[in-house]
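K.L.:
I'd like to ask some things about the structure below.
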Amino acid sequence: MTNAPLLQVRNLRVEFGRRTAVHDVNFDLFAAEAVGLVGESGAGKSTVARALLRLLSPEQGSVELGGVDLLKCPPAEMRAQRRDLQIVFQDPLASLNPRMTVGDAIAEPLVIFEPQLTAAARRGKVAAMLERVGLTADMASRYPHEFSGGQCQRIGIARAVVLKPNLLVCDEAVSSLDVSIQGQIINLLLDLQQEMGMAILFISHNLAVVRHLSHRVLVMYLGKLVEVASCEALFAAPVHPYTRALLAAVPRIPPVADAPAPLPDRTLAADSITHGCAFRDRCPYALPLCESSDPPLLEITAGRWVACHRSHETLNPLSYAE
Amino acid sequence: MVATLSIDDLNVSFAHRTGRLEAVAGASLRIEPQECVGVVGESGSGKTQLFLAAMGLLTRQAQVSGSIRFAGNELLGAKAAVLNRVRGSKLTMIFQDPMASLTPHLRIGTQLAEVLVYHSGLSWKEGRSAAARMLDSVRIPDATRRLSQYPYELSGGMRQRVMLAMSLLCKPDLLIADEPTTALDVTLQAQIMELLRAARGETGMALALISHDLGVIAALADRILVMYAGRIVENAAAPELLRRPRHPYTAELLKCVPSLSGPRLARMPTLAGQPPQPGEALQACAFAPRCPRAAARCRVERPALGGAPMSQVACHFPL
Amino acid sequence: MSASADDAIRRLRASPAAVFAFLIIVAVVIIALFGPWLNPNNTQTLDWLHVAAAPTLQSAHWFGTDRLGRDLYARTLAGARVSIAIGLVASTISILVGVGYGAIAGYIGGRTDHLMMRIIEILSGLPLIFFVIFLTVIFGRSESLLFISIGAVGWLTMARIVRGQTLSIRQQEFIAAAVAGGAGTGRIIAKHVVPNVIGPVIVYATLTVPQIILFESFLSFLGLGIQEPGASLGSLIAEGVGEMEAAPWMLLVPGSFLAVLLLCLNIFGDGLRDALDVKEA
C-alpha cells in the first residue's frame, strides 16, 4: 500500500434540517484497500457514501481525491472526477433505469467519458464487461426487470467498474440478496478489486460479511466514528463498547449458550447527542464524564482508533465486567 | 396429542400468463403444542406463502389444495366467521414490515384494544388497560402514553414490538412470525428474539419462525424445516440439522453463511447459480442444477420427503 | 419493447370497451380521410336540385344536403378532418412543449422550477375564450390562428403532469446512479426522466384530444373558429341548430359524428390509463 492516501475525508458534517446525520467524520482510504464501514440504521453510513460522491451537499468538510476537494470543485470538474469514483447501490433493480436496456446502462459511462469510442467499440466493451461479471453478452439487449436481484447487482457492478475507477463504494450492495448469492457477488468484488487495483469502501450492517471482505473496518454510531481498526484486530478484540455490543448481538451458528443480554433501546433525545458521548444511554460502562464530554477519536495503538473515555482500560480486559 | 398445526399435502399456485406458478407443492408438516419450528428458505422457497395459506391471507388469484388443520379444525375452505374466531386470537401472525401492518390513521391503543374487544368480549376500557400491560411486557417504555400515539410516531423497532404485543394479547396457541427481524438492526433483532423467547416461556405458545437468516432460527428453533423451490427438503431437530445437515442444500447454505467465529476466508463460499424462478418447470429435483452431489437420477426423478418423523430429507443421495 | 409496454398492450386488448372504441376511432379516421373518394360531391358544389334534401342512399347525397344544396356527406367528412387534425396538432404541440417544460422544471427544481410554474399559473389563469377572442380581434380569423391558440394553452396541464411525475422519478435510485455516473443534467432529463414519464403522458394526451376537439367545435359553434366556406363539425352543428325542425339531419349527422368520436376517444383513453396504471402501481 502506498503511503499517500487515495481519499482523505476531513471534518465531514451533513445535516438534514435540524438533525445532524454525520458529525465531524475524518478518515483516509488508501489505494487498493478494502475498507468496511459498519453501523446500524441512523449511523450515517449511507449518508457518508452519498457525501463522498457529492450526491448531497454536506454542511462542512472536505473530501480530497488525488488532491482535488470534491465538495468544493465546480460541477464540470466534479463530473470529470466521477470517472474515478463509482458506487453500487443497495436495491439492484431500483438503481437501473427501467426503460433502458442493460447494455445501454453499462455503456453510459463510456458514452460520457470516452466519446471517441465508436458504437462498435462500445458494444465490445459492454460485452466483455457482461462476461466478466458472470453474465452473457447477449443479455445486453434485455431490460432490468427480466433479471433476478443478483443478476441486476452484477449489472450495476459492471456499470460501475467499466471505466476502472480508483474507488468503488458499495452501499449495502449485498444486503437485499439471498445468502447463497451474496457470496458470488462478494467474490466478484474481491476479484475485480485485485484485478483493477481498486479501493473498495464496503458499507454494510452485516458484520460477518464485512469481516471476510475488509482489510480495515470503520464503525459508526449515530453519525460519529467510534472505532477504526484493522479487520483482524477489530473482530478479535473490539474495544469500543458499541462495537462489542454489536458483535455480541449477532446470532451465532450453532447458538452460543449464554448470549449476553440485548442492548437496551436509545433513550436520549436527538438534541442531547450533540454534547457528551452519543452512546452513553445504552453503554454499560458509562461514567459521569461521558455525559459532559464527547470522547474524541484517538489512536490508542498503531492503526487502532477509538472514541471512548475508557478505551485505555480495555487494553486490560479484566477491568471490564462481562 | 392433537398437533397445533397440521398441514397435509398443501399446494399453492397462482395463475400466470404462461400457465400456473407453483409457489408451494406437496408440503406437509406438523407443529406440536409449545414447539418452535424454524422455516428456512430463500427467494422462491414458498415459506411465506405456506403460512399465508394457513392464515387464509392469500390473494384471490391463489389456488390452494390440501389440508390445513389448526387444533384439529380444518381451516382451508372454512367460512370467514369460523376463521375469524381463530385468527388474531389463537392463531396470530406478525410480518416483516410493521409499518405496513399497522393501520396508519388509528391510534395504537385503539388497534390493540380492538383485538380484545372483538375476540375476548372485553369493554374498551378493559381492553386499553390490558393493552398497556402488554406494551409493558414487550418493554415499550411509557406504555400509557404510547396508547394514544399513531404508528408513524414510533420507531421501526417499537412498531415491531407493538405488532408482537397485538399478536400476544389473546394468548395464542400458535404465533407465526414471518421475517420478524429482517428489517431491523442487529441490536433490535436481539431484543425481539429475546421477547419471543420470553413470550414462549410465559405462555407456552408454539412459534413458527420464518426467516432466511439461519442465525436467528438457530437461536430460537427446536426444529428446523428447510424449503427450496416450494417444497420442504429437510425437517430435523435444530441441533442435528446445524451440526449434520442431510440435504445438500442445507449443507451448502450453512457453508455460505459468513461467520464471526471461524477463520477469515480469502473467498466466500458460494453456491453456483440461483434459486429457480417460480414457474420454471421442474420435473426433477429442483436443486439438481446447483447440487454438488447431483447424479443422473436427480435430473429425472424428484425425491420425496422421507425418513423418520423427526429427521426427514428429500434427497436421493442424502449426506 | 420493454415488457411493461407488452403487458399494457395485452391488458388493453383484454378490455372489450377499449378495443371497440379504438376500432371505431380508426374507422372514423379512415372514413374521414378516404370517404370523399366514395362519393364524388365536394364541399362547395351547390346542387340546386336537391336543396335541403334528406339523407338517402339512392341519391348522390348520402347524408342529405344543407340549405344551400351542399352535400352534407362531403362537408361532414371535411369537418371531421379538421377536428381530427386539430386534435392531433394541438396534442403534439402540447406533448412536445409540455413534456420538455415539465421535465426541466421538475428536475432542476429550486428557483427555476418556481419561476417556470409561476408562468404556467399565470397562463392558466387566462380565460381561454377571451384569449382566443382577443387574438382573433388582433390577427383576424384564420385556421392557423385557431391551431396556434389551442396549442398555446394545451400544453399547460401536460407540463404540470410531467413535472409531478418528474418530481417522484427524481427520488428514484437510478437517477442517483446516473448522476454518480457522471451524466449531466441534459442527459439525465433526456435519457432517464422523459422515457419514464411517457406512460402518463400518453394517457393524458389521449384524453386531451377529445377536449381539444370539443373546444374547437365550441369555438366554431360560437363563430370564432372555422367559418364559411370551410367546415368544421362545430360550425356544421351551428348551422344545423338553426334548421333543427325543418332539416334535422343537418344537426344529427355532424352531431353524431362528433359525439361518437369524442365518446370513443374518452373510452379508449380510460382503457389506456387502466392498462398503464396497473403497471405503475
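K.L.:
Over the Cα atoms of segment A:199-305, what Rg and Dmax result, in angstrom?
P.N.:
Rg, Dmax (Cα atoms, Å): 14.6, 42.
K.L.:
Using helices alone, what [θ] at 222 nm do you get for chain A, with -39,500 (n - 2.57) per DSSP H run of 4 or more residues, divided over all residues and rounded to the nearest 500?
P.N.:
-9000 deg cm²/dmol
K.L.:
Spelling out what I want: for every residue of segment A:245-253, take phi, set θ = phi - 60°, compute 6.51 cos²θ - 1.76 cosθ + 1.60 (Karplus), and round to whole Hz; glycine and proline get x.
P.N.:
5, 4, 5, 5, 7, 6, x, 9, 10
K.L.:
May I pose another question? Neighbouring Cβ atoms within 10 Å as the yardstick, rank B:THR4, A:THR301 fewest first.
P.N.:
Going from sparsest to densest Cβ surroundings: A:THR301, B:THR4.
K.L.:
Taking chain A as a Gaussian network, where each spring joins two C-alpha atoms under 10 Å apart, which residue of A:ARG310, A:ARG252, A:ARG142 fluctuates the most?
P.N.:
Looking only at A:ARG310, A:ARG252, A:ARG142, the biggest GNM fluctuation is shown by A:ARG252.
K.L.:
What are the trypsin sites (Lys or Arg not before Pro) within segment C:113-160 that DSSP puts in a loop, where the Cβ has at most 16 other Cβ atoms within 10 Å?
P.N.:
C:ARG141
K.L.:
What residue among A:ALA259, B:LEU242, C:HIS114 has its Cα farthest toward the positive end of the dipole of the protein assembly as shown, where the charges are +1 on Lys, Arg and -1 on Asp, Glu, each on the Cβ?
P.N.:
Towards the positive end, the residue furthest out is B:LEU242.
K.L.:
Another question about this same structure. With contacts defined as alpha carbon pairs under 8 Å and 6 or more residues apart, what's the relative contact order of chain B in percent?
P.N.:
21
K.L.:
Would you grab the residues whose amide H sits under 5 Å from the one on A:LEU201? Only those 5+ places off in sequence or on another chain, please, with H modelled 1.01 Å from N.
P.N.:
Here A:VAL35, A:LEU168, A:VAL169, A:CYS170 satisfy the definition.
K.L.:
Next question, about the same structure. What are the DSSP H helices in chain C that stretch 20 Å or more along their long axis, judged by alpha-carbon atoms, and whose average Kyte-Doolittle hydropathy comes to at least 0.5?
P.N.:
Once both thresholds are applied, what remains is C:16-34, C:72-108, C:143-170, C:194-222, C:249-280.
K.L.:
With a/c under 1.5 counting as rounded, go ahead and sort segment B:218-319 into rounded, prolate or oblate using the C-alpha gyration tensor (a ≥ b ≥ c being the square roots of the eigenvalues; past the cut-off, prolate if a/b is larger than b/c, else oblate).
P.N.:
Cα axes put segment B:218-319 in the oblate bin.
K.L.:
Obtain the nm distance between the two label points defined at C:THR92 and A:THR267 by a simple spin-label model: each point lies 7 Å from its Cα along the Cα-to-C-beta direction.
P.N.:
Label at C:THR92, label at A:THR267, 7.2 nm between them.
K.L.:
Return the percentage of antiparallel bridges among DSSP beta bridges fully within chain B, rounded to the nearest 5 %.
P.N.:
60
K.L.:
Treating the Cα atoms of segment B:91-169 as identical point scatterers in vacuum, please give the log10 of the normalised Debye intensity I(q)/I(0) at q = 0.11, 0.15, 0.21, 0.25 Å⁻¹, two decimals.
P.N.:
Evaluating at q = 0.11, 0.15, 0.21, 0.25 Å⁻¹ gives log10 I(q)/I(0) of -0.22, -0.43, -0.87, -1.26.
K.L.:
Before rounding to the nearest 500, sum -39500 (n - 2.57) across all DSSP H runs of length at least 4 in chain C and divide by the residue total; then give [θ] at 222 nm in deg cm²/dmol.
P.N.:
Here the helix-only value at 222 nm equals -25000 deg cm²/dmol.
K.L.:
Between C:GLN211, C:VAL253, C:GLN227, whose Cα lies farthest towards the positive end of the dipole of segment C:168-281 when Lys and Arg beta carbons carry +1 and Asp and Glu beta carbons carry -1, centred on the Cα centre?
P.N.:
C:GLN211
K.L.:
Got a sec? How would C:PHE221, C:PHE34 order by Cβ neighbour count within 10 Å, fewest to most?
P.N.:
C:PHE34, C:PHE221
K.L.:
Something else: I'd like the FRET efficiency for A:HIS312 and B:ASN11, computed as 1/(1 + (r/R0)^6) with the beta carbon distance as r and R0 of 51 Å, rounded to 0.05.
P.N.:
0.20
K.L.:
Under unit Cβ charges (Lys, Arg +1; Asp, Glu -1), what dipole magnitude, rounded to 20 debye, does segment B:86-225 have relative to its Cα centre?
P.N.:
Roughly 440 debye, rounded to the nearest 20.
K.L.:
Right, next: Considering amide H positions built from the backbone, and no H for Pro or chain starts, which residues 5 or more places from B:LEU10, or on another chain, come under 5 Å of its amide H?
P.N.:
Residues meeting the amide H criterion: B:GLY26, B:ALA27, B:SER28, B:SER67.
K.L.:
Further question on the same structure: Check A:LEU218: other-chain or 5+ apart residues with amide H under 5 Å from its amide H, H built from backbone geometry?
P.N.:
A:GLY36, A:LEU37, A:VAL38
K.L.:
Considering only DSSP beta bridges whose two residues both sit in the protein assembly as shown, what percent are antiparallel, to the nearest 5?
P.N.:
Roughly 60 percent of the beta bridges in the protein assembly as shown run antiparallel, per DSSP.
K.L.:
What does the charge dipole of the protein assembly as shown about its Cα centre add up to, to the nearest 20 debye, if the Cβ of each Lys and Arg holds +1 and the Cβ of each Asp and Glu holds -1?
P.N.:
Roughly 880 debye for the protein assembly as shown.
K.L.:
Provide the net charge surrounding A:SER95, with neighbours chosen by a C-beta distance below 11 Å and charges set as Lys +1, Arg +1, Asp -1, Glu -1.
P.N.:
-2
K.L.:
Under 4.7 Å Cβ to Cβ, no partner at all: give me those cysteines from chain A, in residue order.
P.N.:
A:CYS73, A:CYS152, A:CYS170, A:CYS231, A:CYS283, A:CYS308
K.L.:
Next question. How many angstrom separate the Cα center of segment B:75-127 from the Cα center of segment C:213-261?
P.N.:
62
K.L.:
Under a plain spin-label model, where a point goes 7 Å from the Cα along Cα-to-Cβ, how far apart in nm are C:MET244 and C:ALA14?
P.N.:
Those two pseudo-labels are separated by 4.5 nm.
K.L.:
So for C:TRP155, A:TRP305, C:TRP48, fewest C-beta neighbours within 10 Å to most, what's the order?
P.N.:
Going from sparsest to densest Cβ surroundings: C:TRP48, A:TRP305, C:TRP155.
K.L.:
Kindly provide the helix-only [θ] at 222 nm of chain B, computed as the sum of -39,500 (n - 2.57) over DSSP H runs of four or more divided by all residues, to the nearest 500 deg cm²/dmol?
P.N.:
-9500 deg cm²/dmol
K.L.:
Per q in 0.09, 0.11, 0.15 1/Å, what log10 I(q)/I(0) does a Debye calculation on the alpha-carbon atoms of chain B return?
P.N.:
-0.49, -0.72, -1.25
K.L.:
Just subtract the alpha-carbon distance of C:ARG170 and C:PHE34 from 0.36 nm times their residue separation and send over the number in nm, one decimal.
P.N.:
44.4 nm
K.L.:
Compute, for chain A, the length of the dipole vector about the Cα centre, with Cβ point charges of +1 (Lys, Arg) and -1 (Asp, Glu) only. Units Debye, rounded to 20.
P.N.:
Charge dipole of chain A: 540 debye, to the nearest 20.
K.L.:
Distance between Cα centroids, segment B:1-46 to segment C:78-116: provide it in whole Å.
P.N.:
About 53 Å separates the Cα centre of segment B:1-46 from the one of segment C:78-116.
K.L.:
Right, next: With just the Cα atoms defining each centre, how far is segment A:1-69 from segment A:211-259? Give it in Å.
P.N.:
Using only Cα atoms, the two centres lie 20 Å from each other.
K.L.:
Continuing with this model, one more query. Compute a Gaussian network model of chain B, connecting alpha carbons closer than 10 Å, and tell me which residue from B:ARG159, B:ARG264, B:ARG302 fluctuates the most.
P.N.:
B:ARG264
Read the figures in this text as sums done on the coordinates, not as results from a lab. The structure presented is a predicted model; accordingly, all values stated were derived computationally and were not measured. Using ideal geometry, Cβ is built from the backbone for each residue, glycine included, and neighbour counts are taken over all protein chains shown.
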